[in-house]
Amino acid sequence: MFATQNPVEFEGTYPLPEAELDRFMMKVLVGYPDAGAEQGILARTVAGFEADRPATYGVTRVTDAAGLERLRATVEAVRVETQITAYITAVVRGTRQAASLTLGASPRAGVSLLKAARAAALLEGRDYVIPDDVKRLAPAVLRHRVSVAPELELEGVTPDAALKAILDKTEVPTT
């Protein structure tokens, strides 16, 4: 499932409780498109694309439920060494010990980070996870699961900045 979220400052939007946010695997930040991409959106609209009419998407099915299950099994077969699971654990636990955060990530966050790292390794053509997979995906997997201390938030500290500090001080395993 994919969902979109408007900023809380928009009228009619409300923040989700932490327990609900924790059920989302990732929070990917998407800004406005560049001029070329925005022009492409308009060109596709002129050519007949309508968001509420799936037949206009130009999307062709590439697999079925059985194919998705095979893909899931392939991801689950991606090797994860003990040093990598220890690294994930250290990063997640680091969010609970950081003075910059008032809410750290849950064990569910570690599971999501592990699953995301496995999928990333597969997409990179590897059958094993490396620390860089974890480091690259940690912000997307963790940013919506942590809360920055209010006094630091007022100073402009973001969840991503707090997570970067945690990642920078967490020892990276050598594989």
Could you grab me the full set of residues in segment 140-152 that are surrounded by fewer than 20 Cβ atoms within 10 Å (Cβ to Cβ) and in a helix (DSSP H, G or I)? A140, P150, E151, L152
Apart from one, (1) in contact (Cβ under 8 Å) with a residue 60 or more places away in the chain; (2) under 13 Å from I166 (Cβ atoms) all hold for G104; the odd one out is (1)
Among all residue pairs at least 6 apart or on different chains, which show Cβ distances below 7 Å where the first residue, located in segment 41-70, is outside any helix (DSSP H, G or I) and the second is among the polar types (S, T, N, Q) and modelled with pLDDT of 90 or more? G48/T56; F49/T56; E50/T56
Does G36 fit the bill of being part of a loop (DSSP other than H, G, I, E, B), farther than 26 Å from D127 by Cα and out of contact with any Phe, Trp or Tyr (no Cβ under 8 Å at 6 or more places or on another chain)? no
Could you pull out the residue among A90, A105 that is assigned by TED's automatic domain parsing to the domain that holds V141, modelled with pLDDT of 95 or more, among the hydrophobic types (A, V, I, L, M, F, W, C) and assigned to a helix (DSSP H, G or I)? A90
Flagged in segment 119-133 as outside any loop (DSSP other than H, G, I, E, B), more than 18 Å from V28 (Cα to Cα) and touching a Lys or Arg at 6+ places or on another chain (Cβ under 9 Å), in numbering order, are A121, Y128
Applying the selection to segment 153-168, what residues are under 22 Å from A90 (Cβ atoms), part of a helix (DSSP H, G or I) and aliphatic (A, V, I, L, M)? A161, A162, L163, A165, I166, L167
From V92, V78, grab the single residue that is touching a Gly at 6+ places or on another chain (Cβ under 7 Å), surrounded by 10 or more Cβ atoms within 10 Å (Cβ to Cβ), among the aliphatic types (A, V, I, L, M) and on the phi < 0 side of the Ramachandran plot. V92
In a loop (DSSP other than H, G, I, E, B) and either assigned by TED's automatic domain parsing to the domain that holds R126 or surrounded by 10 or more Cβ atoms within 10 Å (Cβ to Cβ) (or both), is that true of T85? no
In segment 27-70, residues that are farther than 27 Å from Q5 by Cβ, surrounded by 10 or more Cβ atoms within 10 Å (Cβ to Cβ) and more than 24 Å from the chain's Cα centre (by Cα) total 2
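The values are calculated or read from the model by the stated rules, or taken from the named source; none is laboratory data. As the structure is a computational prediction, the values presented were derived from the model and not from experiment. Heads up, the Cβs are rebuilt from the backbone with ideal geometry, glycines too, and the neighbour counts pull from every protein chain shown.
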